[in-house]
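**Student:** Okay, handing you the structure first.
Nothing in this text is a laboratory measurement; each read-out follows from the coordinates by a stated rule. Only a predicted model underlies this, so the values are computations on that prediction, with no experimental measurement involved. When we count neighbours, we look across all protein chains shown, and the Cβ atoms used for this are built from the backbone with ideal geometry, even at glycine.
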Amino acid sequence: MRAERILVSWLRTRRAMRFSPKQLARRRARLWQRLQPHLARTPALAPYAGQPLSAFPATDPATLRADYGAWNSLGLSDAELRRLADKAEAGSETGDLSAGWSTGSGGGARGLFLANGEERADYIGQSLARLLPARALLSRQRFALHLRASNALYSDVQRGRFAFAHFPLEASLDETRAAFARFDPTILIAPPHRLLAFARAGLELPSLRHLFCGSEPVSAAETDYLAKAFDIRPRAIYQATEGFLGAECPEGSLHLNEHAIEFEFEPVPGTTGFRPIITDLRRTSQPIVRLRGDDYIELTGETCPCNYGGRIIHPPQGRVGDIWRFAERTLTPPQVVAAVEDRLGAQHAWQAQADARGVVLRVSAECPQASAREAAKALETRAGKPVTLEEDLGPWRGPKRRKVVWRDG
């Protein structure tokens, strides 16, 4: 990947970060027009190319997963794309065009993403512009990516002042601690549940200057706990198979990336929140147009001193599919998280599962019994249902935790 492409994307994004909401809307309208030739070459979208965005149907991720061949502009079949993603997962070179598998939802469903060299450069440029101050790019940086799998999105920029290293989530805490000690990262991106485990184990990262949480929700209590443990306030990255959706600015606001993505908000019945419908205006190999996400989103309605015009959301705490819907009342994931963590804090792992009959709150064995009982009582009051307390929650399995769960039926 040529460094010039990354620089162009960085400059373009930094300029957009000074735009007002009206300027961002005009920019999105221009990008939408430029996207049309690529939509015309995408089988699933070709019948609608050239029409307003509202003419395109909203699509669920399961539709994409059923046939990725219909959702790319390069003429590749579903089988070819799956082979390409599997090859990348195995660490093989795939040339200018790269594919991979996302971390997946808390329920385990993974999505395939596709990007060419120009799109990868754009992703890196956007990320550097949104996440780091300009002065950070003038010194050598060691990026530690503690994620499920590595990908060319990151390794492409392994040159010059930047060194990237992937640390797989499958490794034990001790193995990862030793690997961190050898690499000595200045920047770390990791899921909150692993950062919390490191904090509880007393991990020290002497050269760390920037800390980011990604791939799963992080609560306010967890953010405060990690800030004390690492002496750096972690910032949230909002990313999914659908794209780089948002990032937390230095002022602590989680802004949507409305310089490159069109967001529509579908009201979630019985709540004050929304389900996002996402159109990534800069992805051409695998166009994402009106893809319905499953995150439960709440807008803050606030403005931010950083002056970026992208709307601000509360950090997502769970999925629309995990909203608790009892006959008498509805509880959203943020409400469940607040009820539990007001009593437990962030020091102890927990998971709350509910169905129409009641709730099971599971906590780690280290959790003080008195705190666990208080959390169960608070949850019982909020839910209006009996809460069974179980003190047997072990380490999180898999790459992504799911603290709030609704079991249909």
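**Student:** Where does helix 117-131 land angle-wise versus the long Cα axis of the chain, in degrees 0 to 90, nearest 10?
**Tutor:** That works out to roughly 50 degrees.
**Student:** Moving on. For a footprinting-style exposure proxy, rank LYS377, LYS403 by other Cβ within 10 Å, fewest first. Write down the numbers at each step before the final one.
**Tutor:** Values: LYS377 14, LYS403 24.
Ascending Cβ contact count within 10 Å gives the list LYS377, LYS403.
**Student:** Hey, what do the phi angles of region 376-391 turn into as Karplus ³J(HN,Hα) couplings, whole Hz, using 6.51/-1.76/1.60 and θ = phi - 60°, x for Gly and Pro?
**Tutor:** Whole-Hz 3J(HN,Hα) from phi for region 376-391: 4, 5, 4, 5, 4, 5, 5, 7, x, 9, x, 10, 8, 9, 10, 9.
**Student:** Mean separation of Cα pairs under 8 Å and 6+ residues apart, divided by the residue count of region 320-406: what relative contact order is that in percent?
**Tutor:** Dividing the mean separation by the residue count of region 320-406 yields 36 percent.
**Student:** Helix 220-230 against the longest principal axis of the chain: what's the angle in degrees, Cα atoms only, rounded to the nearest 10?
**Tutor:** Once rounded, the angle reads 80 degrees.
**Student:** Please identify every one of the GluC sites (Glu not before Pro) in region 229-326 that sits in a loop by DSSP and has no more than 12 other beta carbons within 10 Å of its own beta carbon. Write down the numbers at each step before the final one.
**Tutor:** On the way: sites: GLU242, GLU248, GLU251, GLU258, GLU262, GLU264, GLU298, GLU302; in loops: GLU242, GLU251, GLU258, GLU298, GLU302.
Those that pass, being in a loop and sparsely packed, are GLU251, GLU302.
**Student:** Right, something else. Based on the mean of other Cβ atoms within 10 Å per residue, sort peptides 34-44, 173-183 so the most packed one is first.
**Tutor:** The packing order, highest mean first, is 34-44, 173-183.
**Student:** Treating cross-link reach as a plain straight distance, find the aspartates and glutamates whose alpha-carbon is under 18 Å from the alpha-carbon of LYS385, omitting any fewer than eight places away in the same chain.
**Tutor:** In chain and number order, the partners are ASP322, GLU328, ASP355, GLU374, ASP408.
**Student:** Among the GluC sites (Glu not before Pro) in region 36-137, which ones are in a DSSP loop with at most 11 other Cβ atoms within 10 Å of the Cβ? Mind listing them? Write out the running numbers ahead of the final one.
**Tutor:** Details: sites: GLU80, GLU89, GLU93, GLU118, GLU119; in loops: GLU93.
Answer in residue order: GLU93.
**Student:** Next question, about the same structure. With the cut-off at 1.5 for a/c, could you classify region 182-304 from its C-alpha gyration tensor as rounded, prolate or oblate?
**Tutor:** On the way: a/c = 2.30, a/b = 1.71, b/c = 1.34.
It is prolate, given that a/c is not under 1.5 and a/b is the larger ratio.
**Student:** With axes computed from alpha carbons, what is the tilt in degrees of helix 173-183 against the longest principal axis of the chain, rounded to the nearest 10 within 0 to 90?
**Tutor:** 40 degrees
**Student:** Moving on to the next point. So what is the calculated 222 nm ellipticity per residue for the chain, using -39500 (n - 2.57) for each DSSP H run with n of 4 or more, over all residues, to the nearest 500 deg cm²/dmol? Walk me through the intermediate numbers first.
**Tutor:** Numbers: 11 runs with 129 residues, N = 409.
Only helices count here, giving -9500 deg cm²/dmol.
**Student:** I need the phi-derived Karplus couplings for region 166-171: 6.51 cos²θ - 1.76 cosθ + 1.60, θ = phi - 60°, integer Hz, Gly and Pro marked x.
**Tutor:** So the Karplus estimates, Gly and Pro as x, are 9, 10, x, 5, 5, 5 Hz.
**Student:** Go ahead and set up a Gaussian network model of the chain, Cα springs under 10 Å, then flag whichever of ARG140, ARG275, ARG110 fluctuates most.
**Tutor:** ARG140
**Student:** What are the ³J(HN,Hα) couplings of region 355-371, residue after residue, when phi is run through the Karplus curve with 6.51, -1.76, 1.60 and θ = phi - 60°? Round to Hz, x for glycine and proline.
**Tutor:** Each residue of region 355-371 in turn: 9, 4, 8, x, 10, 10, 9, 10, 10, 5, 4, 6, 5, x, 4, 5, 5 Hz.
**Student:** Moving to a separate point now. Test of understanding: in a Gaussian network model of the chain with alpha carbons linked when under 10 Å, which of SER127, SER139, SER285 would top the mean-square fluctuation ranking?
**Tutor:** SER139
**Student:** Which of these, ASP322, ASP280, ASP392, has the largest mean-square fluctuation under a Gaussian network model of the chain (Cα springs below 10 Å)?
**Tutor:** ASP392
**Student:** Considering only region 320-406, what is the antiparallel percent among its DSSP beta bridges, to the nearest 5? Provide the component values of the computation, followed by the final result.
**Tutor:** On the way: 8 of 16 bridges.
Of the beta bridges lying entirely in region 320-406, close to 50 percent run antiparallel.
**Student:** What is the fewest-to-most order of THR59, THR272, THR332 by other Cβ atoms lying within 10 Å of their Cβ?
**Tutor:** Working: THR59 17, THR272 10, THR332 22.
So the ranking, lowest neighbour count to highest, is THR272, THR59, THR332.
**Student:** As a test, work out the antiparallel percent of DSSP beta bridges whose residues both lie in the chain, rounded to the nearest 5. All intermediate terms of the calculation are to be shown ahead of the outcome.
**Tutor:** Working: 34 of 57 bridges.
Roughly 60 percent of the beta bridges in the chain run antiparallel, per DSSP.
**Student:** Same structure again: Which GluC sites (Glu not before Pro) in region 359-409 sit in a loop by DSSP (not H, G, I, E or B) and have at most 16 other Cβ atoms within 10 Å of their own Cβ? Spell out each step's value before the answer.
**Tutor:** Details: sites: GLU366, GLU374, GLU380, GLU390, GLU391; in loops: GLU366.
Of the GluC sites (Glu not before Pro), the ones in loops of region 359-409 whose Cβ has at most 16 other Cβ atoms within 10 Å are GLU366.
**Student:** Now a separate question. Below 8 Å between Cα atoms, with a sequence gap of 6+, how large is the relative contact order for the chain in percent? Numbers along the way, then the final one.
**Tutor:** Working: 777 pairs, mean separation 61.3, N = 409.
That works out to 15 percent.
**Student:** Please work out how much length the chain gains when fully extended from ASN307 to GLU204, using 0.36 nm per residue of separation minus the C-alpha to C-alpha distance, in nm with one decimal. Display every interim value, and only then the final one.
**Tutor:** Values: separation 103, 0.36 × 103 = 37.08 nm, distance 3.41 nm.
The span from ASN307 to GLU204 would gain 33.7 nm if fully extended.
**Student:** Can you list residues whose amide H is under 5 Å from GLY100's amide H, if they're 5+ apart or on another chain and H is modeled 1.01 Å from N?
**Tutor:** For GLY100, whose amide H was placed from the backbone, the distant partners under 5 Å are PHE113.
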